[in-house]
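A quick write-up on the structure given underneath.
What follows is calculated from the coordinates using simple rules that are stated; it is not laboratory data. A quick note: this is a predicted structure, and the numbers were derived from the prediction, not measured. Here the Cβ positions follow ideal geometry from the backbone for every residue, glycine too, while neighbour counts run over all protein chains shown.
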There are 2 protein chains.
Amino acid sequence: MKFKPSDSELEILQILWKQGASSVRSVNEELNKNREVGYTTTLKIMQIMAEKNLVTRNTDSRTHIYTAAVNEAEARQNLLEKFVDTTFRGSAMSLVMQALGNHKASAEELAEIKDLIRKMENDAD
Amino acid sequence: MKFKPSDSELEILQILWKQGASSVRSVNEELNKNREVGYTTTLKIMQIMAEKNLVTRNTDSRTHIYTAAVNEAEARQNLLEKFVDTTFRGSAMSLVMQALGNHKASAEELAEIKDLIRKMENDAD
DNA sequence: TAGTAAATACGAACGCTTTCGTAATTTATG
DNA sequence: CATAAATTACGAAAGCGTTCGTATTTACTA
């Protein structure tokens, strides 16, 4: 899978994943909560994303409705693997340690992780 | 800190971090273990990196020696934060869980993580 | 010293992303 | 029906990264 969305594209995918099928206007409004983006800029990028098959669009009504064409979990996994390779030289454990170390986790979160570890240890048997 | 190296730049930084101060030729040879890159291409990118202060260079001898000007641990931390924001919507814990879940960890690695968690739980007191 | 090899410097080209102005089209409103 | 408003379509420009050909400089060698 060669999945390498640009910054803007990933930003838009996040919005589509979060709020589901959306119009350009809706996505643009969401984007503008963080930074100023012109409407036609958002439109253009989403049109390009459609060409690349990152999204699909329903053009039945005048206002086109866009839907993410890639699965969120898969995309995350894919990006995570690449990130581990490029930034942590392939060591997922280094990444986990660093992410854990520099984040104040709540007791609940820590419990969750311990649970996962316990499961992994059992699977190893 | 506005640290946003390009793919090539990060690749070169990794090499400099790993093998320390290096000549362009040395870096280029290392790059060519993965993919074909022209010598002048590598040279050009490293020159640009020097302009951006991503690296420093010693020009005393004819063969210039380049050194990473950014700290590896800090750079990783910085990139990690951005990655969590853009790909995991800010949730470091989601990232940890996903990275852990999709990686077969050895008993030693799991022990290491448990150690870290134990320390974090104590710090919380 | 002349010639060759190695290294740096320079500049141009190409592709991709982002941005935006403007035109064309469609829908709603008075 | 005529006008306004909203939307899509189109194209161009600017910026950045990457690549590479070529010129220039430097050092070594026969």
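Counting, for every residue in B:102-109, the Cβ atoms of other protein chains within 10 Å of its Cβ and taking the mean gives 5. Helices in chain B, meaning DSSP H runs of at least 4 residues, each add -39500 (n - 2.57). Divided by all residues, the mean residue ellipticity at 222 nm is -19500 deg cm²/dmol. Within 10 Å, Cβ to Cβ, of residue A:45, how many net charges do the neighbouring residues add up to if Lys/Arg are +1 and Asp/Glu are -1? Net charge around residue A:45: -1. For the options A:82, A:114, A:104, a Gaussian network treatment of chain A with springs between C-alpha atoms closer than 10 Å singles out A:114 as fluctuating the most. For chain B, modelled as a GNM whose springs connect Cα atoms under 10 angstrom apart, the maximal fluctuation among B:89, B:25, B:57 occurs at B:89. With contacts taken as Cα pairs under 8 Å and at least 6 residues apart, the stretch B:7-68 reaches a relative contact order of 40 percent. Please work out the C-alpha center-to-center distance from the stretch A:1-71 to the stretch A:82-125 and express it in whole Å. Here the answer is 31 Å between Cα centres. Extending 7 Å from the Cα toward the beta-carbon at both residue B:116 and residue A:48 defines two label points whose distance is 3.6 nm.
Of B:15, B:32, A:59, which is farthest on the positive side of the dipole of the protein assembly as shown, counting Cα position, with +1 on Lys and Arg Cβ, -1 on Asp and Glu Cβ, and the Cα centre as origin? Working it through, the farthest residue towards the positive pole turns out to be A:59.
Between residue A:85 and residue A:56, the simple spin-label model (points 7 angstrom out along Cα→Cβ) gives 2.8 nm. Legend: distances between Cα atoms for A:18/A:44; A:4/A:114; A:82/B:4; A:18/B:82; pairs beyond 24 Å are A:4/A:114. With each label modelled as a point 7 angstrom along the Cα→C-beta vector, the residue B:40-residue B:6 pair spans 1.6 nm. Against chain A, whose longest principal axis comes from its Cα atoms, helix A:72-87 is set at around 60 degrees. Of A:60, A:85, A:115, which is the most mobile in a GNM of chain A whose springs link Cα atoms less than 10 angstrom apart? Of A:60, A:85, A:115, the most mobile in the Gaussian network model is A:115. Working from Cα pairs under 8 Å separated by at least six residues, relative contact order for the stretch A:48-125 is 12 percent. Cross-link reach is defined here as a Cα-Cα straight distance under 15 Å, omitting same-chain residues fewer than 8 places apart; for residue B:104 the aspartates and glutamates meeting it are A:81, A:121, A:123, A:125, B:112. When only the Cβ of Lys, Arg, Asp and Glu is charged (+1, +1, -1, -1), the dipole of the protein assembly as shown relative to its Cα centre reaches about 920 debye.
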